[in-house]
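Notes follow the structure.
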Amino acid sequence: MSGAESIMRLRDLRFAYHRGRTVIGDISAAIEPGKLLALIGPNASGKTTLIKLMLGLLTPDRGQITIDRRPVRHVGLAQRAQWLSYVPNGSTITFTFTVGHVIAMGRYALPWRREAFEQVIDACELCDLIDCPYIELSAGQQQRVLLARALFQSFDGGRVMLLDEPTSAMDLEHVHRAMRLLRHRTERGLAVVAILHDLNLAAAYADTVWLLDRGTLAAEGTWDHVLDPTKLEKVYRTPIRRLNQPLPDHRRPTFLTGLPESGTGAYNGAVKGDRS
């Protein structure tokens, strides 16, 4: 990506938790406003670490991350709270805050927006849960609360939303409702970066994709460029078959993964690059 209109840029990024054990190595890329970027790759490929570097929670050993041409680490915390919102993979909240309290935390460093608060509660279908203790909710419901908090935070000046497996515990209805909400926010100029393990979600909703492999970018670009079985199989090390959908007005593919490489059955012949 050229990054000519980027909102956030990563330049020659390198990071290691321990000396000699590089987690992120020599990544340079750009994040564009108004786009949904899917960050994909196997476990331990550096996805969560990269998100934390973007947030300024970790400091790179080399290179720089900028937002609006300013190093993220040099942006004040209040300004960072206005520009960057975050949905973690799981929550450490242990006190008996209500759902309403948790969502309201999204505006802790920002002016209160009552109308926006009501909008995100309704959009995430949390009206009936607003007074319930957060810790008593199911994992999927908690994810919806954390998404609502980030959406609430992103009103009035939000630039980038970073999400770490935001739908991993949701049921099917709410997975797609959440992804449509994120798409809606990109239409208003927000850049959305979401770690996803489901290739089909990435294929259905992403504009661009970064494919991480052991801390480096194995591929990056538009969804149709990166979501190619030949590229994916090299990184995931499992057979992957791409199926083009015959449905009207649905031009994006779906993927079958982990198929047997030989034998009989309906899915025999799932070979590299199969685009049938």
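Every read-out reported here was derived from the displayed coordinates using simple, explicitly stated rules and does not represent laboratory data. As the structure is a computational prediction, the values presented were derived from the model and not from experiment. Cβ coordinates were reconstructed from backbone atoms using ideal geometry, including for glycine residues, and neighbour counts include every protein chain displayed.
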> Between Ala104 and Ser28, what FRET efficiency follows from the Cβ-Cβ distance if R0 is 41 Å, with the result rounded to 0.05?
Replying inline: 0.60
> Separation between the Thr238 and Gln79 pseudo-spin-labels, each 7 Å from Cα along Cα→Cβ, expressed in nm?
Replying inline: 4.4 nm
>> Less than 11 Å from a label point 7 Å out along the Cα-to-Cβ axis of Asp68: which backbone N atoms in the range 148-172 qualify, by residue?
In response: 157-160
>> Within the chain, how many Lys pairs that are eight or more residues apart, or on different chains, come under 19 Å at the alpha-carbon?
In response: 5
> Could you give the length gained on full extension between Arg113 and Ser168, defined as 0.36 nm per residue of separation minus the Cα-Cα distance, in nm?
Replying inline: 16.9 nm
> Comparing Asp128, Asp213, Asp26, which has the greatest mean-square fluctuation in the GNM of the chain with Cα pairs linked when under 10 Å apart?
Replying inline: Asp128
> Relative to the present Cα-Cα distance, how much length would full extension add between Ile135 and Arg251 at 0.36 nm per residue of separation?
Replying inline: 37.7 nm
